[in-house]
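Every read-out reported here was derived from the displayed coordinates using simple, explicitly stated rules and does not represent laboratory data. Values in this document were obtained by computation on a predicted structure and should not be read as measured data. Note that each Cβ is placed from the backbone with ideal geometry, even for glycine, and that neighbours are counted across all protein chains shown.
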Ligand code: NAD
């Protein structure tokens with residue numbers, strides 16, 4: 001998986017005249033720590049869970065990246081996600097390196113109290129690795145603001161002082177930022193709005209969304225409010241389709257009760273298989289679930305003319321080539337979903353200032369940063385005749401290379 005991700009680095013390097021030191025530094029994770037967490041279950045038994053934290057590269061600042069709770073998480077997945085975070089923070093010119101963490105667990109099988117004990121155990125195990133100037137976690141798949149709140153609380157009790165800037169995506173009551181909840185989707189939405197004309201997306205364009213969690217629900221709401229028509233969505237339980245458009249409020253309510261699939265059978269809504277969702281006739285396809293969902297065996301079926309990657313790594317390199325050969329434009333993850341880490345950065349800044357911004361300021365700053373980096377990447381892609389993904393990597397790599405060189409030639413690690 002990391003090998004596949006590194007092919008993007010090699011490809012970007014071909015467009016820049018780089019010192020070999022730069023690639024040597026970015027080809028390997030700086031450090032990955034593995035711990036077996038042990039917690040008490042509600043029935044009195046003890047259970048253990050594998051957990052990791054990777055600090056991939058800290059050349060441009062403290063490492064930054066979410067914590068995922070998922071039964072299929074592996075060390076390789078964590079290191080790959082941390083590699084992507086390194087490039088995403090550089091794409092947005094945030095003063096951060098890239099990191100990521102995970103616990104191998106199915107959170108649906110735990111009670112709320114067990115989840116809290118597991119979240120606190122994670123912070124106890126990694127308290128020497130994380131820190132506001134060292135490594136700053138945030139939410140990712142199956143983690144949320146409540147979990148970030150427990151983690152911030154545990155860290156404060158370990159170090160003996162309130163340290164809100166150690167974790168972002170916290171509840172507002174504990175120093176979270178207004179506008180963080182929908183920031184990932186909102187960043188992607190601003191990008192689509194900015195490039196709509198170039199991408200040929202018109203009012204009433206049809207949208208398919210894969211994954212209906214934080215990223216998927218918010219992009220559905222934002223696009224629907226801008227006149228787009230959501231024609232199909234999926235979650236881990238299945239997919240639904242309505243060629244005339246799905247009602248966004250009903251979708252959100254159904255998801256709150258369990259799954260979007262409960263809407264099937266009414267209002268002309270039918271069910272679909274996961275692969276059929278990818279090939280639903282639409283203009284904009286939004287993968288917002290997990291990695292590798294669009295692959296060599298289903299990419300030929302994609303009907304959309306634009307893919308907005310809100311998930312990390314949803315399109316494999318082989319599928320990327322198939323989409324490119326069919327002139328399907330991919331708005332790449334390290335730009336398209338960077339709204340989340342950008343508002344996490346705003347949260348960290350506010351925590352350090354002890355001064356909190358109105359939501360309008362958060363939105364305005366996010367919009368201007370998405371447009372600034374989106375425009376630069378669009379122009380670079382046009383100038384070099386390369387894909388937006390390659391342009392995003394070239395854009396990030398030139399910033400990373402500048403920082404690596406500025407650190408000096410005899411240095412090994414920055415912290
Ligand atoms: P989430 O836990 O809130 O939601 C995940 C959703 O995916 C759920 O609806 C789940 O049912 C669905 N899902 C799981 N397996 C699926 C499958 N096989 N098919 C269809 N749906 C499936 O997670 P999220 O925070 O929305 O993250 C989604 C993606 O966005 C991930 O790739 C994550 O890394 C990325 N991302 C999230 C953020 C953030 O701030 N939350 C930021 C950047 C990137």
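Things worth noting here:
- Each peptide in 276-287, 299-310, 14-25 gets a packing score, the mean of other Cβ atoms within 10 Å over its residues, and the list from highest to lowest is 276-287, 299-310, 14-25.
- Placing a pseudo-label 7 Å from each Cα along the Cα-to-Cβ vector at residue 203 and residue 134 gives an inter-label distance of 5.4 nm.
- The antiparallel fraction among DSSP beta bridges confined to the chain stands at about 50%.
- Fully extending the segment from residue 157 to residue 321, taken as 0.36 nm per residue of separation minus the present Cα-Cα distance, adds 54.1 nm.
- Simple spin-label estimate for residue 48 and residue 237 in nanometres, 7 Å along Cα-Cβ: 3.5 nm
- The order of the peptides 239-248, 181-190 by mean Cβ neighbours within 10 Å, most packed first, is 181-190, 239-248.
- Among 212-224, 317-329, the order from most to least packed when residues are scored by Cβ within 10 Å on average: 212-224, 317-329
- Extension gain, residue 226-residue 376: 0.36 nm per intervening residue step, less the Cα-Cα distance, totals 51.5 nm.
- At full extension, residue 19 and residue 383 could sit 128.7 nm farther apart than now, given 0.36 nm per residue minus the alpha carbon distance.
- Cut-off 14 Å (backbone N to label point 7 Å along Cα→Cβ of residue 352), residues of the range 89-109: 94-97
- Distance in nm between pseudo-label sites at residue 27 and residue 267 (7 Å out along the Cβ direction from Cα): 5.3 nm
- Computed helical MRE - 222 nm, the chain, DSSP H runs ≥ 4 contributing -39500 (n - 2.57), nearest 500: -14000 deg cm²/dmol
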